[in-house]
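Note sheet for the following structure.
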Amino acid sequence: MPKRPSDYPAGQRATASRMPAPASGRPLPDQPTPLLGGLTPTQFMRRYWQKKPFLVRQAVPGIASPVTREELFELAAGDDVESRLVTHFRGRWQLDHGPFDTTALPRVTQRAWTLLVQGVNLHDDRARALLDRFRFAPDARLDDLMISYATDGGGVGPHFDSYDVFLLQVHGKRHWRIGAQRDLSLRDDLPLKILAHFEPEEEWVLEPGDMLYLPPHIAHDGIAIGECMTCSIGFRAPSASELTSQFLYYLAERGNAHRGDDTLYRDPKQPPVSEPARLPTGLVERVGAILANIRWKQSDVSAFLGAWLSEPKSNVVFEPPARPANEAAFVNRATRAGVRLHRKTVLLYDNHSYFLNGEQNSLPSGKSWLIDLANSRTLSAKRFVTLSHDSSVTALLHEWYCAGWVELGGLA
């Protein structure tokens, strides 16, 4: 075992003990917050984001898991929930994918198994509220809140992630070891992506309320000490190849590529061939020249990112109200209760458009209400009253309500 260092990496001793109770929702950029050990989001992003690990003791004092063990098991049984079961019985790693009937899970008294449930924020408002605390980073990067339940000795092995992650302990204890190693090769004899050579440099035991931030490619291994639950707040980090392929598909689907030459392919000098299955050199060269002439505008990139990053995942299903109110009743109730985005809804915007669950539309002329809704995810009853006389706004919000994208009930 490596030597146990001080509690905070790189000489940083963050403490939340003197900080006031956290404000509801996300902290402002220049607002010190216990969530970040008394740093402001601006300070954290400048010093640690994508740079080095950061440990915060009591980032969320008095926290409990957003869902109970039984509720998490019930979620893992759903067809619309992504879940995995990792076991390490008798020294043998095994990975299974859900859904899992609760009777198919190992006993909670059995050691060394872990249940991982992705996107808990999509199914529970408490988990969504916890995820919202991390909206000091752009929504376009914020992915989901995963909860892992583990029995004593449970873990997923030493590994690394290709994205930023906050590991918030919400129940029990977990022993973390991390290392900034360069050798990220994986074992090829296992069903899990486990490092072939793990070289830990620092280690800590996290208790409920403690949190560890890890930038991409920091090797880490977490082992449960007794029964424990950990919330992982992950951020989207698409690869260059994924972005390229998705963007080219977006351009082709919408015909947005600005081509210098849109004539049909011609090969008047093509000679007869003795090997008809061979790709003609002239064809390859001509197509290469066509692709090199594809052009796009900055607005195409912005529109692509807004639509792609707000697109719901394949397992996300919106459920309209069982008995939706008509527009007049909806307006009447919203003036008393306000409205809020459904926890599954993603609403992004740029200077010209808004992107709602993968759909792009032009920003309306009186766009401030929509921008406020996107940023706060709610419109108070008082704010809705000021909008209720604009039929275009109420009709649009009622349409979203009937689709299950917004709900009645916000701030008073």
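For a Förster distance of 30 Å, can you work out the FRET efficiency between the beta-carbons of residue 183 and residue 111, rounded to the nearest 0.05? Efficiency, from the Cβ-Cβ distance: 0.50.
Taking the three principal axes of the alpha carbon atoms in segment 99-164, the coordinate ranges are 40, 28, 19 Å, sorted in descending order. Restricting segment 21-106 to trypsin sites (Lys or Arg not before Pro) that sit in a DSSP loop and have at most 12 other Cβ atoms within 10 Å of their own Cβ leaves 51, 90. Kirkwood-type hydrodynamic radius, segment 254-403: 19.3 Å, calculated from all non-identical alpha-carbon pairs. When the convex hull of its Cα atoms is viewed from all sides, segment 327-408 shows a mean projected area of 4.8 nm². Among the trypsin sites (Lys or Arg not before Pro) found in segment 167-221, those both in a DSSP coil and sparsely packed, with 13 or fewer other Cβ atoms within 10 Å of their Cβ, are 182. Springs between Cα atoms under 10 Å define the GNM used for the chain, and in it the highest mean-square fluctuation of 27, 138, 272 occurs at 272. If the segment from residue 103 to residue 302 were pulled out straight at 0.36 nm per residue, it would be longer than the present Cα-Cα gap by 66.9 nm.
For segment 252-331, trypsin sites (Lys or Arg not before Pro) are listed when DSSP marks them as loop and at most 11 other Cβ atoms sit within 10 Å of their Cβ; the list is 266, 269, 278, 297.
With R₀ fixed at 30 Å, the C-beta to C-beta distance from residue 51 to residue 129 puts the FRET efficiency at about 0.60. Within the straight-line cut-off of under 19 Å between alpha carbons, the lysines reachable from residue 382 are 367, sequence neighbours fewer than 8 places apart in one chain being disregarded. Note on residue 313: lysines with a C-alpha under 16 Å away, same-chain residues under 8 apart excluded, are 344.
For P(r) over Cα pairs in 10 Å bins from 0, in percent, the choices are (1) 3, 10, 9, 10, 12, 13, 11, 8, 6, 5, 4, 3, 2, 1, 1, 0, 0; (2) 4, 18, 23, 20, 16, 12, 5, 1, 0; (3) 4, 18, 25, 23, 16, 9, 4, 1, 0; which was calculated from the structure? So the calculated entry is the one marked (3).
Rule-based calculations on the coordinates, nothing more; no lab input. These figures come from a predicted structure and were not determined experimentally. Note that we place each Cβ from the backbone using ideal geometry, even for glycine, and neighbour counts take in every protein chain shown.
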